[in-house]
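Novice: The following block contains the structure, expressed as structure tokens.
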């Protein structure tokens, strides 16, 4: 018998107290697992309906949505285990501007750039990069073509750091972690002043289970750009997974201050209290 699937539209029609944001949050915590696409919407199985129905019923009471989720996680794992799914969006470089050198927090020797930053790209490489970046929307169906355009720019100037970073993003988005890591690391070796490379490398390391190294990369990103709210957020998540809640609290609070109305402001408030 073919398993029946339900679209998010069908589910929300059955449970008007829920929203797409609620479903997305449940997915982030791994409480429901989409089965793919059905028509123009995300498809869920009958097994997911049980959790969704439970959450919908609980929302009629006095508990907050986040408290309900935490209770479900505690019930599932026997204790409150942080199993948050990061699903980070890679940081993209969109401008060809000089970046200052940065000293890494990882304990490695400081990396330096030539005076004035990395060499100025050729006008042709710059033109090709800007054209590729302008068309780089992150559309999954266009990633192969986008990657080809960044490689075209790199064929003209192999040390064009923004192109290395953005090309790495196309690999990361397709789940090709070793290739993405190699490109981010080459970008950092050439010009460590790009926080995007450190942040994106942190995402690769997190996703492949190397949490200690991911923490170092997120800290390096913040050394370059302390105002990067996403780096604070993903660093906090990683520290929580390592059982370092007291260290994470500083970064939950930093995210709150930088993005008081951000997507994860409620989660940050919950864990920073």
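The values are calculated or read from the model by the stated rules, or taken from the named source; none is laboratory data. Small disclaimer: the values here were computed from a predicted structure and weren't measured. Because the Cβ atoms are built from the backbone with ideal geometry, glycine has one as well, and the counts that use them run over all protein chains shown.
Novice: Return yes when residue 230 is assigned to a helix (DSSP H, G or I) and outside the structural domain of residue 170 (by TED's automatic domain parsing) and no when it is not.
Specialist: Yes, satisfied.
Novice: Say whether the condition of being touching a residue at least 24 places away in the same chain (Cβ under 8 Å) and surrounded by fewer than 18 Cβ atoms within 10 Å (Cβ to Cβ) is met by at least one residue in the range 160-176.
Specialist: Yes, because at least one residue in the range 160-176 is touching a residue at least 24 places away in the same chain (Cβ under 8 Å) and surrounded by fewer than 18 Cβ atoms within 10 Å (Cβ to Cβ).
Novice: Moving on to the next point. Can you name every residue in the range 196-214 that is under 20 Å from residue 248 (Cβ atoms) and in a loop (DSSP other than H, G, I, E, B)?
Specialist: 209, 210, listed by residue number.
Novice: In this structure, does residue 234 turn out to be under 19 Å from residue 256 (Cα atoms), touching a helix residue (DSSP H, G or I) at 6+ places or on another chain (Cβ under 8 Å), without any contact (Cβ under 8 Å) to a residue 24 or more places away in the chain and crowded, with 20+ Cβ neighbours inside 10 Å?
Specialist: Criteria not met by residue 234.
Novice: Test of understanding: among 53, 9, 70, which residue is at pLDDT below 80 and over 30 Å from residue 201 (Cβ atoms)?
Specialist: Of the residues listed, the single one that is at pLDDT below 80 and over 30 Å from residue 201 (Cβ atoms) is 70.
Novice: Output the number of residues of the range 206-215 satisfying the condition of being crowded, with 19+ Cβ neighbours inside 10 Å and modelled with pLDDT of 95 or more.
Specialist: Residues flagged as crowded, with 19+ Cβ neighbours inside 10 Å and modelled with pLDDT of 95 or more within the range 206-215 amount to 2.
Novice: Let me ask something additional. From 20, 83, which residue is exposed (fewer than 14 other Cβ atoms within 10 Å of the Cβ) and modelled with pLDDT under 65?
Specialist: The conditions single out 83.
Novice: Test residue 243 against the stated conditions and say whether it is out of contact with any helix residue (DSSP H, G or I) (no Cβ under 8 Å at 6 or more places or on another chain), surrounded by fewer than 20 Cβ atoms within 10 Å (Cβ to Cβ) and assigned to a loop (DSSP other than H, G, I, E, B).
Specialist: yes
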